[in-house]
Each structure stands twice: as C-alpha cells, then as structure tokens.
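The values are calculated or read from the model by the stated rules, or taken from the named source; none is laboratory data. As the structure is a computational prediction, the values presented were derived from the model and not from experiment. When we count neighbours, we look across all protein chains shown, and the Cβ atoms used for this are built from the backbone with ideal geometry, even at glycine. The accessibility values were calculated without ligands, DNA or RNA, using every heavy atom of the protein model including side chains. Shrake-Rupley method; radii C 1.70, N 1.55, O 1.52, S 1.80 Å.
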Protein chains: 2
Amino acid sequence: MAVMDLTFNEQGLIPAIAQQHDTGEVLMLAWMNREAINETLRTGRVAYFSRSRQTLWRKGETSGQTQTLVDMRVDCDADTLLLLVDQHGAACHTGQRTCFYRALRNGEPHDLTTPLANPADLYG
Amino acid sequence: MAVMDLTFNEQGLIPAIAQQHDTGEVLMLAWMNREAINETLRTGRVAYFSRSRQTLWRKGETSGQTQTLVDMRVDCDADTLLLLVDQHGAACHTGQRTCFYRALRNGEPHDLTTPLANPADLYG
C-alpha cells in the first residue's frame, strides 16, 4: 500500500499517539515502522514496532486488549502520527485504561485512576 | 524544583504530547529536556526544547500563540509526558489549531480543517 511521505527517525520509526476516538482520552505513545503502518492500514488492527523486542507488536496479541483503527492523522511535519482508535479494555500494560494515569504534582507522581484489570490476568 | 525520575533519550529529551484540556484535541507532539520541564512547572507557560535550533523554545514567544499548563501527566514507563494545556489560538506553525489537521486516506493526506490564522501574520 502506498503511504504518503513520512519522516522516520534514524531507526526507521515514527512516534504514534493513540487516542480513543469518541472520548478523546490519550491512551499511549508508541512507535511504528513502515511495516506496522502498512499492516495497520490494511487490517484495521493497530500494530506497533516494539523497540525493546525489535519486532512488530500487534497491540493486544497477548493481552487481548486490542486497538481498532478509526482514523489515521498526520502532523504538519509528517513526523508524528495520531491514531484515532477504539481501545478494547486497558491500553496500558499495568491494566490501566490509559498509560497516562499519573499526574505530576509538586514533583511527585499521583495515580488518578485505578486499573481496569489485573496485569497477571492479562499477561498470565 | 525536584521532578520524579523520568526517562530521557540519548539526547536528554522526552516526548511531550499537548492536549487541549477541555475539548480533548491533541494539538502537537514536541520534545522537552529537564530545563524545559522545570521552567514549564515553575512558570505555567509551556516551554519545549527545539531540536532544530538546539535551544529552549518558549511556545508562542514569536507567534503569540502561547500554551498555559493545566496539568502534567506521566506515562507508565515515565518516558512520555502528556501536557494538558490551554492553547491560545493556533498550536501549529501553519496557523492550524492542531498540527494533526490531516487524515491519511487511501495513502494520501487530506486536510480536515482550515487555518485559524495566516502564518505570515503570526511569524512576520
């Protein structure tokens, strides 16, 4: 599939923000390579590139907490993507709905929400 | 000001997503260094680190399109920030409200909105 000219970094990656399409919650930031973008556009299931495992990472393949793509947005410099998604369950590996569940207050992190699920149940 | 342990990349930077606090619009992704974070927390005016100019970049210092910090969120791995902000005018250097004004449809970018302002007016 042809994809417009995007600017990838030295590792061939581009940051992608996932946002729940209807509530506007920002769920996570992850990275995509060209293969992840093409697969996501082709299948409608969001795939990223795992920098720690150096491999394609189909969101939810282990946990079942999948992301369905609703729309893909590109920023002005074409070096960041915004994915409007429908997130099934918890986006975060901690079992939280969003990875951004902590606020920095007076230099210290404070949890704003509680997990939807137990990570041990998601990742067994 | 003390700041919790954050994970910066090899360049001493951390990505920061700016989101309009009340509407949920994702406005932009930029990068912060420790100095930008500390200044933002101290002043309440959002500052980033400009990778192209390699200097602190006080959002709106030229254009007048400032960002006021409402809350700072930290993700699960402490390697990405989410800034809830109040954006004055256009967040994007193109004069668009958000940098993510384009959708990728069939491999081609399509503008979803029109600029709020003429960049020539913002940047002289």
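Is it possible to state the helix-based mean residue ellipticity at 222 nm for the protein assembly as shown, with each DSSP H run of 4+ residues giving -39500 (n - 2.57), the sum divided by total residues, to the nearest 500 deg cm²/dmol? What is it? Write down the numbers at each step before the final one.
Details: 4 runs with 30 residues, N = 248.
The per-residue figure over the protein assembly as shown is -3000 deg cm²/dmol.
Quick one: helix A:34-43 against the long Cα principal axis of chain A, what's the angle to the nearest 10°, folded into 0 to 90?
The answer is roughly 80 degrees.
Which parts of the range A:85-103, residue by residue, lose 50 Å² or more of accessible area when the rest of the protein chains are there, as against the chain isolated (1.4 Å probe)?
Relative to the lone chain, where solvent access is computed with a 1.4 Å probe, the range A:85-103 loses at least 50 Å² at A:PHE100, A:ARG102.
Suppose you put the label 7 Å out from Cα in the Cβ direction; list, shortest first and in nm with one decimal, how far B:SER50 is from each other copy's label.
The answer, with the shortest distance listed first, is 3.9 nm.
Simple spin-label model, 7 Å along Cα-to-Cβ: B:ARG45 to B:THR113 in nm?
About 2.3 nm separates the two model spin labels.
Quick one: compute a quarter of the convex hull surface over the Cα atoms of the protein assembly as shown and quote it in nm². It would help to have the intermediate numbers written out before the result.
Details: hull surface 52.1 nm².
If you wrap the Cα atoms of the protein assembly as shown in a convex hull and average its projections, you get 13.0 nm².
Of B:ALA91, B:ALA103, B:ALA18, which has the largest mean-square fluctuation in a 10 Å C-alpha GNM of chain B?
Residue with maximal mean-square fluctuation among B:ALA91, B:ALA103, B:ALA18: B:ALA103.
How large, in percent, is the carbon and sulfur part of the accessible surface of the range A:1-80 at a probe radius of 1.4 Å?
Numbers: 1540 of 3610 Å².
Carbon and sulfur: 43 percent of the exposed surface of the range A:1-80.
Once the label point is placed 7 Å from Cα along Cβ, list for B:MET4 the distances to the corresponding points in the other copies, in nm, shortest first.
Ordered by distance, the counterparts are at 3.6 nm.
Please give the per residue accessible area of chain A, computed with a probe of 1.4 Å over protein heavy atoms only, in Å². Numbers along the way, then the final one.
On the way: 5780 Å² over 124 residues.
Per-residue accessible area for chain A comes out at 47 Å².
Which ³J(HN,Hα) values, rounded to whole Hz and listed in residue order, are derived for the range B:82-91 from phi using the Karplus coefficients 6.51, -1.76 and 1.60 in 6.51 cos²θ - 1.76 cosθ + 1.60 with θ = phi - 60°, glycine and proline given as x?
Computed from phi, the couplings for the range B:82-91 are 10, 9, 8, 10, 10, 8, 7, x, 8, 7 Hz.
Residue-wise, which Karplus ³J(HN,Hα) couplings in Hz belong to the range B:101-117, taking 6.51 cos²θ - 1.76 cosθ + 1.60, θ = phi - 60°, and x for glycine or proline?
3J(HN,Hα) across the range B:101-117, in whole Hz: 8, 10, 9, 8, 10, 6, x, 10, x, 10, 5, 9, 9, 10, x, 7, 8.
Using all alpha carbons of the range B:50-124, what is the percent of pairwise distances in each 5 Å bin, ordered from the shortest bin to the longest?
3, 13, 16, 20, 21, 16, 9, 2, 0
Working only with C-alpha atoms, what are the Rg and Dmax values of the range A:1-88, expressed in angstrom?
Cα only, the range A:1-88: 12.0, 34 Å (Rg, Dmax).
With a cut-off of 8 Å between alpha carbons and a minimum separation of six or more residues, what is the relative contact order of the range A:1-122 in percent? Could you put the intermediate results ahead of the total?
On the way: 238 pairs, mean separation 26.7, N = 122.
About 22 percent, as a whole number.
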